[in-house]
Amino acid sequence: MTPEGVDLRLEVGAYVDRLAALLIDLLIVAGVLLALTLVIFLAFLAALRTQDELLARLLAMVWLLGFFVLRLGYFIGFELGAWGATPGKRRMGLRVIARDGRRLSADAIFTRNAMRELEVFLPAAFLFARGSGVDGALITLGGVWTGVFVVFPLFNRDRLRLGDIAAGTLVVKAAKVKLLRDIAEAAPATVSGVAFTHAQLDAYGVKELQVLEQVLRGGERRTMAAVAARIRTKIAWDGPTDVSDGTFLSAYYAALRHRLETGLLFGRRRRDKHDVAAQEKT
Amino acid sequence: MAELQLKSHRFRAEREEDWRRLERLLDRAQKKGLRKLAPAELLELPVLYRQALSSLSVARAISLDQALIDYLEALSTRAYFFVYGARASGWARIGGFFRRDWPQAVRAIWRETLAAVLVTVLTAIVAYGLVMREPEWFHSFVPGGLAAGREPGATTEALRGTLYPKLSGKEGLEVMATFLFTHNSQIAIFAFAFGFALCILTVGLMAANGATLGAFLALFVQHGLLFEAVGWLLIHGVTELLAVMLAGGAGISIGWAVVFPGDRTRLDSAMHAGRRGAVVMGGVIVMLFFAALLEGFARQLVQDDLARYAIAAATAVIWGVYFYAPRRLGAAS
């Protein structure tokens, strides 16, 4: 709900999408770190050769700081920005919001990202601790315990991970949607001879209309043929039979939408074909 | 031309230009930043946003074009987050943080901080006792890398040498300080984040820290170097240990809030503790920065015991007054 009182009907981001986003981000961070290390290593060699001690020290500092800053700062910096999402999340069409719908604060972003240490790096540490002299049973135990945090988002409705809980945030879908052409507008509304009676149009409701819209936008020939055949039988079509499926469907879509939208203006909303109550009032 | 026979056609035709304009503005603002927008465009943005919202409401009522509604929902969502979204914090926010938010958050978790201190002190005492009785315990408490020659078998002279490092002018003190800063900050973030796991991991970290501390002290006491060792430790330790205690406290407060939410809901309680913890942690990282400066530079450069104690006492007073001294709260806000 916005302050203006309109429900935006946000959708919670899917677990798989978020996992993919995290992987992308981790790859980016790892890549940058690798590049940084390489560059600094080469510069360091050069500094050693020229006995430039100041430069060598400076490089060591940059390297240490770079590791520290990137590990957390990458996520915090991007989520604080105008997109509210890291590059990985943007790629997957996700963004972070505050659960209460208010402004996303810096504290919240810090918390949700600091918790990643517990959720991602700790299980990973257990995973890689094998063979370094730690008891195998202990590793398994710890791995199982911390593994719980990894799958935690699957067990609640809002797909909250621990960081989201502690920070009061939520990850939602925020993909860009292109404004598509209105297919009823494109349709030749008065195709010669293709006209429908009210009874023929009353066969369907809003739900079917939207399915039909998807079929038309999909534009796949076989589906269109099947749907057209179904509709022709259902409404006992007795008009010209030489009209192509596409034209027939577009015409029917336009006519049906006209009929249903006129109904809407008079306060009748016919949800689907089983919704007879709305029909009887006509 | 299919004359605009549907109401929803006319509706769309009349407003489409505004929607596209809003979309273009958002694209530009998100890619290039808010500053690139002209003042007139800035003023236009919220207006267009509200228009899109009202279009959405109307469309839901009168239009059956699902694609149109989807588009308007996505557009309004984007604009909504842009209009009400996060703002990069300015200087005023940073000022407010040091003047008000940070000390307040630190005071709010004093119980948890005390718990972290108690855990540390208790384990330090236990470790101290064990090492005093049986020096071999030392190795169980102190990781090999940290000991760096400070071992039970070492001579008194060697130990004294570690307390007063000789400077050849070649050591990279600033590199050392940087390393200490990043390393300690990472540990502090661990202590904070691990608190969510029902406090157990945080308490464990605090205990490990305390044990190391106790074992070291015992080692130096056995060689009659207690006074010197404490000076060596406290010159930065006051700041560093306090920062670690605060991080532990913040972690414990999260775990506690999850297990015992009180009269809030569990989610709400966790969120409250989490955000407060974040404020504390922001400050902890600043403290660790100072601690690293003290450890990396001051400890190496100041070799006199009394001067070390003086610096330690000064930092203790500064932090103590800053965090816990009573003050007028209303004045700042």
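Going residue by residue through segment B:314-332, is there one that turns out to be of a type outside the set (Asp, Glu), away from every other protein chain (no Cβ under 14 Å), under 22 Å from the mean Cα position of the chain (by Cα) and open to solvent by less than 10 Å² (accessible area, probe 1.4 Å)?
Just the residues of segment B:314-332 that are of a type outside the set (Asp, Glu), to begin with: B:314-332.
Applying the additional criterion that residues be away from every other protein chain (no Cβ under 14 Å) yields B:314-332.
After this cut, where a residue has to be under 22 Å from the mean Cα position of the chain (by Cα) as well, the list is B:315-316, B:318-324.
Checking which are open to solvent by less than 10 Å² (accessible area, probe 1.4 Å) leaves us with B:323.
Within segment B:314-332, one or more residues are of a type outside the set (Asp, Glu), away from every other protein chain (no Cβ under 14 Å), under 22 Å from the mean Cα position of the chain (by Cα) and open to solvent by less than 10 Å² (accessible area, probe 1.4 Å).
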Selection status of A:Val62, open to solvent by 50 Å² or more (accessible area, probe 1.4 Å) and under 30 Å from A:Phe155 (Cα atoms): no
Filtered residue count, segment B:71-92, keeping only those that are at pLDDT below 80 and closer than 26 Å to A:Ala255 by Cβ: 0
Elements of type helices (runs of 4 or more DSSP H) contained in segment B:157-276, each with 1 or more residues being among the acidic types (Asp, Glu): B:173-194, B:226-259
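Can you name every residue in segment B:286-300 that is open to solvent by 30 Å² or more (accessible area, probe 1.4 Å) and either modelled with pLDDT under 85 or touching a helix residue (DSSP H, G or I) at 6+ places or on another chain (Cβ under 7 Å) (or both)?
B:Phe289, B:Phe290, B:Leu293, B:Leu294, B:Phe297
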Residue among A:Leu55, A:Leu23 that alone is surrounded by fewer than 16 Cβ atoms within 10 Å (Cβ to Cβ), at pLDDT 80 or above and over 28 Å from B:Gly283 (Cβ atoms): A:Leu23
Residue check, B:Val280 among the β-branched types (Val, Ile, Thr), crowded, with 22+ Cβ neighbours inside 10 Å and closer than 24 Å to A:Gly168 by Cβ: yes
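Conditions (1) open to solvent by 40 Å² or more (accessible area, probe 1.4 Å); (2) at the interface with another protein chain (Cβ under 10 Å from one of its Cβ atoms); (3) in contact with a Phe, Trp or Tyr (Cβ under 8 Å, 6 or more places away or on another chain), marked per residue:
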position	(1), (2), (3)
B:Phe181	no, yes, yes
B:Ile187	yes, no, no
B:Met206	no, no, no
B:Asn209	yes, no, no
B:Gly214	no, no, yes
B:Leu225	no, no, no
Check on B:Ser269, among the hydroxyl-bearing types (Ser, Thr, Tyr) and modelled with pLDDT of 80 or more: yes
Exclusive hit being of a type outside the set (Val, Ile, Thr), modelled with pLDDT of 80 or more and exposed (fewer than 14 other Cβ atoms within 10 Å of the Cβ), set B:Gly145, B:Gly153, B:Gly129: B:Gly129
Selected residue [within 17 Å of the chain's Cα centre (by Cα), closer than 24 Å to A:Trp63 by Cβ and among the β-branched types (Val, Ile, Thr)] from B:Thr178, B:Thr182, B:Thr202: B:Thr182
B:Val230 surrounded by fewer than 21 Cβ atoms within 10 Å (Cβ to Cβ) and farther than 23 Å from A:Asp100 by Cβ: yes
Odd one out for A:Ala82, checked against (1) modelled with pLDDT under 80; (2) among the small types (Gly, Ala, Ser); (3) open to solvent by less than 30 Å² (accessible area, probe 1.4 Å): (3)
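Using the structure shown, decide if B:Thr162 is modelled with pLDDT of 65 or more and away from chain A (no Cβ under 14 Å).
Criteria met by B:Thr162.
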Residue ID - surrounded by the fewest Cβ atoms within 10 Å (Cβ to Cβ), chosen from residues in segment A:93-122 that are more than 7 Å from chain B (Cβ to nearest Cβ) and within 21 Å of B:Ile187 (Cα to Cα): A:Phe121
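The values are calculated or read from the model by the stated rules, or taken from the named source; none is laboratory data. Treat the numbers as computed from the prediction; the structure is a model and nothing was measured. Here Cβ is always computed from backbone atoms with ideal geometry, including for glycine, and neighbour counts include all displayed protein chains. Note: accessible area is taken over every heavy atom of the protein model, side chains too, but ligands, DNA and RNA are not part of it. Shrake-Rupley method; radii C 1.70, N 1.55, O 1.52, S 1.80 Å.
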